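Report on one structure; see the data block that follows.
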Amino acid sequence: MGHSLGAQMALALSEQAYADAALPSRQRPGRLILADPYWSPANPLPNHHYRYLAPDTNPAERSARIVRNLQAQGAAIEWVKSSPLLDIGGDNNSALLAIASRSETVPDYLSGLALGDRHNSAPRWYMWSYGFENRSGVSTAASSDDFAATFMLLARASVQQQGTQTATPDDDRFAPK
């Protein structure tokens, strides 16, 4: 699991693991969770550059390329969005949306805007979901790896419709966006 900027790190480390022929396949991650990932802006700030990402032009493009490669090797990638962080200064990574599933939690039980709390709720929600039978309509930690891989192939976004006023994932239900 990679949270926020850590999602880019989790993808980069997974890419290295799959590129290492000496690493046994059982030690390569078969499932990655990108918990409210932050994709740096598509265009770097003045006096900055993304040349170090070559052949990719920006972090979102690099992440989408890695996901395509990992998916081709059998890994499932789940994207859980819980805040408007990307909407206010990041890259929404439309290329990744076309190839991965995205579950958008709506943590309205958090008071006010509470951007930081909403941003931090994604990894908590995902890990907590392991303790509940999955009736949500999306892939959760309780889902099998096969279900997560199949759900990823649908490459769609789902948004939380029920359970938004409580922290527990048990009453959450999602519908296609």
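Computed over Cα pairs, the Kirkwood radius of segment 76-177 leads via Stokes-Einstein (0.890 mPa s, 25 °C) to a diffusion coefficient of 179 µm² per second. As a calculated quantity, the FRET efficiency between Ala42 and Glu133 at R0 = 41 Å, using C-beta atoms, amounts to about 0.55.
Where in the chain are the DSSP H helices whose C-alpha atoms run 24 Å or more along the long axis and whose mean Kyte hydropathy is at least -0.5? Walk me through the numbers on the way to the answer.
Numbers: long enough: none.
Helix filter hits for the chain: none.
For the residues Ser101, Ser144, Ser158, a GNM of the chain with alpha-carbon springs under 10 Å puts the largest fluctuation on Ser144.
Taking every eigenvalue of the Cα gyration tensor of the chain, multiplying by 5 and rooting it, what semi-axes result, largest first, whole Å?
Values: eigenvalues 135, 91, 33 Å².
The equivalent ellipsoid of the chain has semi-axes of 26, 21, 13 Å.
Close amide H pairs (under 5 Å, H built 1.01 Å from N) link Ala141 with Ser129, Tyr130, residues at least 5 positions away or on another chain.
Under 5 Å between amide hydrogens, built in the peptide plane, is the criterion, and for Gln162 it picks out Arg173 among residues at least 5 positions away or on other chains. From the Cα gyration tensor of segment 2-67, with a ≥ b ≥ c the square roots of its eigenvalues, which class applies: rounded if a/c is under 1.5, or else prolate if a/b is larger than b/c, or else oblate? Oblate shape, in that a/c is at least 1.5 and b/c is the bigger or equal ratio. Less than 5 angstrom separates the built amide H of Leu32 from those of Ala76, Ile77, Glu78, all sequence-distant by 5 or more or on a different chain.
The trypsin sites (Lys or Arg not before Pro) of segment 100-141 that meet both conditions, a loop assignment by DSSP and at most 14 other Cβ atoms within 10 Å of the site Cβ, are Arg135.
Just checking the listed ones, Pro55, Pro29, Pro107: in the Gaussian network model of the chain with Cα springs under 10 Å, the one fluctuating most is Pro55. Using a Gaussian network for the chain with springs between C-alpha atoms less than 10 Å apart, which of these wobbles most: Gln73, Gln160, Gln27? Largest GNM mean-square fluctuation: Gln27.
Counting Lys +1, Arg +1, Asp -1, Glu -1, what net charge surrounds Asp108 among other residues with beta carbon under 13 Å of its beta carbon?
Details: positive: Arg118; negative: Glu104, Asp117, Asp171, Asp172.
So the environment of Asp108 carries a net charge of -3.
Want the number for Asp20 to Asp108: 0.36 nm per residue separation, take away the alpha-carbon distance, what's left?
Values: separation 88, 0.36 × 88 = 31.68 nm, distance 4.27 nm.
In short, 27.4 nm is gained.
Computed from the coordinates by the stated procedures, all read-outs in this text should not be read as laboratory data. From a predicted model like this one, the values you see are computed outputs, not experimental measurements. For neighbour counting, all protein chains shown are included, and Cβ atoms are generated from backbone atoms with ideal geometry for every residue, glycine included.
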